[in-house]
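Step one of this worksheet: look at the structure below.
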Amino acid sequence: MSGLLSVSEAQQKLLAAFSPLKVENVDLTQAGGRVLAQPVTSELDLPPFDNSSMDGFAVRAADVSAATTGEGVRLSVIADIPAGKVVDITVSTGEAARIMTGAPLPAGADAVAPVEITDFQARQPGTPAPRYVHVNQPVSSGENIRPKGQDVRKGDHVLAAGIRLRPQDIGFRAMLGVTRVPVHHVPRVAVFSTGDELVPIGEPLSPGKIHDANTYALVALIKQYGSEPISLGIIPDELAAVQACLDQAVALQVDLILSSAGVSVGAFDFVRHVVEQRGKLEFWRVNMRPGKPLTFGHYQGIPYVGLPGNPVSAFIGFEVFVRLALHKLSGVSSRIRPTQKVILLEAIESDGRESFLRAIVNFNGEEWQARLTGHQGSGNLHSLVQANALLLLPSGVKSLPIGAEVHAWLFDNE
Ligand code: AMP
Ligand code: MG
């Protein structure tokens, strides 16, 4: 239990302790950002009927094959078809029907001549259809027509379970006429910080004190990953207070308890001790930099992650471990984070632990290049703020020269 685990060993152990939360049906209007719990098979063809992709005239392509500018083909306009209306006509040789974008194609027609290639240039809303129209250019059969089922066919597998529903997915579900969507419950995460030196924001700092950064950053991270944070605030370095806080989290029936600090080997690091005494400690050291004293266990049966206190370590511990746990609880199926190969603009050193180094990464038109954001001390939060990526150094690598290639996680840019 006291052995030093590799990052991937620790990730596997952690993931094994979580399963996806239960499923509930929510209104589509509430489903954005939630994780789809069942795959979707289309019950419709999309589009549901052949329709025009342009405002123009539904024609028979053969009728206008001889059309050239100046000497158009004259057709008689037998109907006016707005979007949303089925007009029961058949376009015969020498005929056309005015048609709007999205309107059903009438029988007989096999193409749409856009208004731009006709002599009917009236653009004002409300202008009635002309009696005749000249089409000045040929259109081929099928041109400017969106055939039924072009996008999706009834029975197609259109969405996989385990995706976080994005705005485009919501629009698509609406297009299929769905009102309720099965999604996983949102994980509820209790979060607290420990340390006698910590002062909440809004209160002045007396000598020896610092503002609590981790509670706020962790709450924001939990939200970013679609989960619900429940902040229990700052807990002093006292055994009874730590225990009471953990008990409070248990009473709240959260899905995960997350704390920062107090899990190292300091004389006042009680959190790991309490988890060990009243729960089960799975591991408490990971061969990574920063963030080695990362702790995982169960407290009264509830999964517990103890992040290191240094703010950069806490952030990286979250991104490397807690993110996985939240994804699994949420039902997210893909946990792979995309990486980018980058070329080092400066030599870098580490100590052989798997390392996550703060960097600025840029594409110069030819290649992605990376430079560190200054001192990599794990308390230096501003160097994380300046970074737009983390460079990933495998374990065993102690130095890399200028020009070496490494993988990087790019932080999301909106
Ligand atoms: P610890 O893990 O308790 O030994 O804390 C390691 C370092 O992180 C110490 O310098 C703490 O002051 C700092 N630290 C712990 N918790 C926080 C926090 N919530 N916000 C900012 N810094 C913290
Ligand atoms: Mg401490």
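The values are calculated or read from the model by the stated rules, or taken from the named source; none is laboratory data. It should be emphasised that the depicted structure is a prediction, and the values quoted were computed from it without experimental measurement. Methodologically, a virtual Cβ is constructed for each residue, glycine included, from the backbone with ideal geometry; neighbour enumeration extends over all protein chains shown. These accessible areas exclude ligands, DNA and RNA; they are computed on the full protein's heavy atoms, side chains included. Shrake-Rupley method; radii C 1.70, N 1.55, O 1.52, S 1.80 Å.
Quick rundown of the values:
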{"quantity": "Test: residue 181 is part of a strand (DSSP E or B), in contact (Cβ under 8 Å) with a residue 40 or more places away in the chain, surrounded by 15 or more Cβ atoms within 10 Å (Cβ to Cβ) and more than 16 Å from ligand 1 (Cβ to nearest atom)", "calculated": "yes"}
{"quantity": "Some residue of segment 221-233 being open to solvent by 30 Å² or more (accessible area, probe 1.4 Å), farther than 21 Å from residue 327 by Cα and within 16 Å of ligand 2 (Cβ to nearest atom)", "calculated": "no"}
{"quantity": "Subset of segment 8-32 that is closer than 20 Å to residue 336 by Cβ and of a type outside the set (A, V, I, L, M, F, W, C) - its residue that is surrounded by the most Cβ atoms within 10 Å (Cβ to Cβ)", "calculated": "20"}
{"quantity": "Out of 291, 297, sole residue that is in a strand (DSSP E or B) and buried (at least 20 other Cβ atoms within 10 Å of the Cβ)", "calculated": "297"}
{"quantity": "Condition check for residue 190: within 16 Å of ligand 1 (Cβ to nearest atom), under 24 Å from the mean Cα position of the chain (by Cα) and open to solvent by less than 70 Å² (accessible area, probe 1.4 Å)", "calculated": "yes"}
{"quantity": "Check on residue 109, outside any strand (DSSP E or B), open to solvent by less than 20 Å² (accessible area, probe 1.4 Å) and out of contact with any Ser or Thr (no Cβ under 7 Å at 6 or more places or on another chain)", "calculated": "yes"}
{"quantity": "Qualifying positions in segment 52-63 - open to solvent by 10 Å² or more (accessible area, probe 1.4 Å) and either within 30 Å of residue 179 (Cβ to Cβ) or modelled with pLDDT under 95 (or both)", "calculated": "53"}
{"quantity": "Residues of segment 217-256 classified as aliphatic (A, V, I, L, M) and free of Cβ contacts under 8 Å to residues at least 24 places away in the same chain, total", "calculated": "5"}
{"quantity": "Residue in segment 27-39 that is among the acidic types (Asp, Glu) and assigned to a helix (DSSP H, G or I) present", "calculated": "no"}
{"quantity": "Top-ranked residue in segment 117-154 [being in a loop (DSSP other than H, G, I, E, B), crowded, with 17+ Cβ neighbours inside 10 Å and polar (S, T, N, Q); ranked as nearest to the chain's Cα centre (by Cα)]", "calculated": "144"}
{"quantity": "Output for segment 69-106, where each listed residue is part of a strand (DSSP E or B) and open to solvent by 50 Å² or more (accessible area, probe 1.4 Å)", "calculated": "71, 74, 78, 80, 90"}
{"quantity": "Residues of segment 322-346 satisfying the condition of being open to solvent by 60 Å² or more (accessible area, probe 1.4 Å) and assigned to a loop (DSSP other than H, G, I, E, B)", "calculated": "333, 334, 335, 336, 338, 339, 345"}
{"quantity": "Identity of the residue in segment 262-272, among the aliphatic types (A, V, I, L, M) and open to solvent by less than 20 Å² (accessible area, probe 1.4 Å), that ends up farthest from ligand 1 (Cβ to nearest atom)", "calculated": "271"}
{"quantity": "Residue in segment 208-225 that is part of a strand (DSSP E or B), in contact with a Leu (Cβ under 6 Å, 6 or more places away or on another chain) and either under 18 Å from residue 306 (Cβ atoms) or small (Gly, Ala, Ser) (or both) present", "calculated": "no"}
{"quantity": "Test for residue 22: is it without any contact (Cβ under 8 Å) to a residue 40 or more places away in the chain and of a type in the set (Lys, Arg)", "calculated": "no"}
{"quantity": "Residue within segment 159-176 that is away from ligand 1 (no atom under 16 Å from the Cβ) and in contact with a Phe, Trp or Tyr (Cβ under 7 Å, 6 or more places away or on another chain) present", "calculated": "no"}
{"quantity": "Answer from 202, 233, 309, 262 - the residue that is within 30 Å of residue 331 (Cβ to Cβ) and either outside any helix (DSSP H, G or I) or touching a Lys or Arg at 6+ places or on another chain (Cβ under 9 Å) (or both)", "calculated": "233"}
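Yes or no, residue by residue, for (1) more than 14 Å from ligand 1 (Cβ to nearest atom); (2) closer than 15 Å to residue 318 by Cα:
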site	(1), (2)
194	no, no
232	no, no
237	no, no
254	yes, no
282	yes, no
288	yes, yes
